[in-house]
Amino acid sequence: MTAAILDGKALAEELRTSFRPRVEALTAQGRRPGLAVILAGDDPASEVYVRNKVAACESAGIFSQKITYPKDTAPETVLAKIAELNADPRIHGILVQLPLPDAFDEKAILATIAPEKDVDGFHAENLGALAQGIPRFIPCTPYGVMKMFEAHQISLTGKEAVIIGRSNIVGKPMALLLINAGATVTVCNSKTRDLAAHTRRADILVAAVGKPRFVTNDMVKPGAVVIDVGINRLPPEAGGKLCGDVDFEAVKEIASLITPVPGGVGPMTITMLLANTIESAEGKHTP
Ligand code: NAP
């Protein structure tokens, strides 16, 4: 069996087209969606992510404000800026690009963002709502994965779902979404004993590990749906290309559906950031 490809790029484009009338309607009502992106430090990957997010806003007609700080900025300066943005009526979403420099207390920064402007969905209040099964802002990457399931009518109820990775931004919220959708969910981590015994049971396998080609075909159940969240840059001697956490060439021969890297989950993540910003401007998550 050769798997069908879950094309995140095409779905992302389709969704972005569907956003246009919503952005136009909001703009006509004087509520043009607005996103503020804060970047502290000089991490090159973060700079690329922020640039892409700002460009995506621009092409969607969303107002965006990029605020950058050098690595040695006092955390209080950033906290004061967040407080100012919380009160700014032009801004419906505030995003602090992670990781932050070491001097910053990430939890304190994220807790300062008003929950009703937390378009990344990392605030404890929004994660709590998700855990209670009454989601408000959903973290963008798992939200994008759920949209892929929906678009391809992949039923989740009663399915065995296995997630490799328990990070706050991918693994944990992904688990909550799958639990809420009625799947039987296993979340694995670096201490999991006999990982392959878990992954081989999965009807739905989500890899969010951060290790190139970590998931090999002997770890996958024939016919499984395989979602590769990983984005890894191979070393120059290996071609320097981007690759996922899944050994795509081998696993596509055994899975029924698989996301490629690039062109799978990646384009969906920024798209769902736009979705969250628009939902915020529409007042969908205002208590
Ligand atoms: P992370 O915070 O580093 O978490 C990685 C997780 O993988 C951890 O829970 C870790 O376990 C687990 N792990 C590591 N080695 C393992 C092993 N041998 N067996 C089982 N589990 C293992 O990473 P993340 O932020 O979740 O990101 C994961 C990947 O997704 C990265 O490649 C990242 O670049 C990518 N990503 C992509 C998008 C996108 O838009 N496509 C968005 C976000 C992230 P422990 O907790 O025990 O250490």
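Mean separation of Cα pairs under 8 Å and 6 or more residues apart, divided by the residue count, gives the stretch 30-114 a relative contact order of 42 percent.
Estimate the FRET efficiency between L242 and R193 by the formula 1/(1 + (r/R0)^6), using the beta-carbon distance for r and 35 Å for R0, to the nearest 0.05. It comes out at approximately 0.70. Projected label points at T2 and H152, each 7 Å from Cα along the beta carbon direction, are separated by 1.6 nanometres. In plain terms, the chain from E160 to A124 could stretch by 10.2 nm, reckoned as 0.36 nm per residue minus the Cα-Cα distance.
Of all lysines in the structure, the ones whose alpha carbon falls short of 22 Å from that of K221, not counting any fewer than 8 places away in one chain, are K159, K191, K211, K252.
Taking amide hydrogens as placed 1.01 Å from N in the peptide plane, the amide H of E160 sits under 5 Å from those of T184, D203, I204, each at least 5 positions away in sequence or on another chain. Which of N189, N126, N86 moves most in a GNM of the chain, Cα contacts under 10 Å? Residue with maximal mean-square fluctuation among N189, N126, N86: N189. Helix 75-86 axis versus longest C-alpha principal axis of the chain: approximately 80°, rounded to the nearest ten. Computed from backbone phi with θ = phi - 60° and the Karplus coefficients 6.51, -1.76 and 1.60, the 3J(HN,Hα) list for the stretch 129-146 is 4, 5, 5, 7, x, 10, x, 10, 6, 9, x, 4, 5, x, 4, x, 5, 4 Hz; x is used for glycine and proline.
Of the peptides 9-17, 213-221, the ranking by mean beta-carbon count within 10 Å, highest at the top, reads 213-221, 9-17. Counting only alpha carbon atoms, the long axis of helix 8-28 and the longest principal axis of the chain meet at about 20°. Within the straight-line cut-off of under 24 Å between alpha carbons, the lysines reachable from K81 are K53, K66, K71, K107, K117, sequence neighbours fewer than 8 places apart in one chain being disregarded. Stokes-Einstein, applied to the Kirkwood radius of the stretch 35-136 over Cα pairs at a viscosity of 1.306 mPa s and 10 °C, places its translational diffusion at 113 µm² s⁻¹. Could you tell me how many degrees, from 0 to 90 and to the nearest 10, lie between the Cα long axis of helix 171-180 and the main elongation axis, the longest principal axis, of the Cα atoms of the chain? So the inclination is approximately 80 degrees.
Only the coordinates and a few stated rules stand behind these numbers; no lab work does. Note that the structure is a prediction, hence the values are computed from the model and not measured. Every residue, glycine as well, gets a Cβ built from its backbone with ideal geometry; the counts of neighbours run over all protein chains shown.
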